[in-house]
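What follows is a set of notes on a single structure, which appears directly below.
What follows is calculated from the coordinates using simple rules that are stated; it is not laboratory data. These numbers come from a predicted model, not from an experiment. Counting neighbours? That spans all protein chains shown, and the Cβs are built from the backbone with ideal geometry, glycine included.
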Amino acid sequence: MIKDRLFALIYRLFATVVTIMGILVTVGVFGGITAGAKAFLYYTLQSNMLALALFIYLAARSGYDLIKNGRFGSAGYVPRFEAMVMIAITLTMFVFWGMLAPMAGEMWGYLSSFGNLAVHTFVPVLVIVDYVLFPESGHLTKRDPWLCLIIPLTYFLVSTILGFSGAVTFTGFGGEATRFPYFFIDFDQQGWFVALWVILLASIFVGLMYLVLYLDKKFKKKQILPRKSK
């Protein structure tokens with residue numbers, strides 16, 4: 001665990017900038033191949049927004065502690081929430097490169113673009129590295145693997161409601177219009193096989209979080225700042 005709050009602050013400010021740039025490029029602020037404002041309806045952008053909120057908070061806390069308590073000491077703050085965001089955005093990376101990118105065909109320009117790499121690779125890696133480097137161990141609980149399902153299941157519920165309402169349409173890699181943002185939750189294409197996809201992805205979420213919980217308990221890190229007595 002790195003105990004240098006100045007380093008933590010610099011890292012988190014850098015991560016914040018990368019995350020903001022990835023989001024802005026993806027929604028088309030700088031032009032190019034983008035999804036526009038509709039990008040915010042994709043799980044990718046929503047998990048990146050969670051990562052952005054996390055990095056902003058962590059940077060602010062790092063700066064505050066740096067000024068108030070000095071350069072050296074704990075720079076881990078919300079390890080349970082950070083672990084959940086890490087799992088959420090790690091799935092963004094795995095699902096895109098493992099399930100969606102192979103369907104992109106000749107869209108190599110998009111796949112290799114900064115915006116795509118930022119939201120699907122750079123930001124997930126930055127979150128993972130932050131979690132490895134800074135938070136102490138011993139904070140996760142046995143409930144957390146199940147609590148982490150709140151993020152994807154909420155997204156699935158809202159996307160399903162929007163899809164059946166016909167309020168919005170999405171464009172796939174092949175150019176076809178669809179009512180649902182991803183093929184594995186597309187009831188028009190998959191029917192009730194969507195339930196199997198949801199169970200599979202939820203199992204991956206829970207399994208990864210249990211792995212993080214196991215590692216958290218297996219490899220203890222020394223606490224730097226004493227906990228306040230209750």
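Here is how the numbers come out for the structure above:
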read-out	value
Highest-first arrangement of 153-160, 209-216, where packing means the average Cβ count within 10 Å	209-216, 153-160
Total formal charge among the other residues, if their Cβ is under 10 angstrom from that of ASP65, Lys/Arg +1 and Asp/Glu -1	+4
Length added when fully stretched, PHE193-TRP97, from 0.36 nm per residue minus Cα-Cα	32.4 nm
Order of MET1, MET93 - criterion: other Cβ atoms within 10 Å of each residue's Cβ, fewest first	MET1, MET93
Distance between modelled label sites at TYR210 and PHE30, nm, 7 Å Cα→Cβ extension	4.2 nm
Above-threshold pairs, the threshold being 22 Å between Cα atoms, out of LYS3/LYS218; LYS68/LYS142; LYS3/LYS142; LYS3/LYS68	LYS68/LYS142; LYS3/LYS142
Distant-in-sequence amide H partners of PHE72 (H built 1.01 Å from N, under 5 Å)	ARG5
Extension gain (nm, one decimal) between ALA202 and ILE2, 0.36 nm per residue minus Cα-Cα	68.8 nm
Cut-off 15 Å between beta-carbons: net charge of the residues surrounding MET209, Lys and Arg +1, Asp and Glu -1	+2
Acute angle (nearest 10 degrees) that the helix 79-95 long axis makes with the longest principal axis of the chain, alpha-carbon atoms	30 degrees
Cα-based helix-to-principal-axis angle, 150-165 vs the chain, degrees rounded to 10	20 degrees
Local net charge near VAL125, Cβ-Cβ under 15 Å (Lys/Arg +1, Asp/Glu -1)	-1
Option label - volume of the Cα convex hull per residue in Å³ computed here, alternatives (1) 173; (2) 116; (3) 135	(3)
Between helix 123-133 and the chain: long-axis angle, C-alpha atoms, 0 to 90°, nearest 10	20 degrees
Segment LYS218-ILE10, extension gain: residue separation times 0.36 nm, minus the distance between their alpha carbons	72.0 nm
Computed helical MRE - 222 nm, the chain, DSSP H runs ≥ 4 contributing -39500 (n - 2.57), nearest 500	-19000 deg cm²/dmol
Spin-label pair ALA60/LEU153, simplified geometry with 7 Å Cα→Cβ offset, distance in nm	2.9 nm
Sequence of GLU176, GLU82, GLU136 once ranked by neighbouring C-beta atoms within 10 Å, starting from the fewest	GLU176, GLU136, GLU82
Ellipsoid semi-axes in whole angstrom, largest first, where each is sqrt(5λ) of the Cα gyration tensor of segment 43-108	34, 11, 9
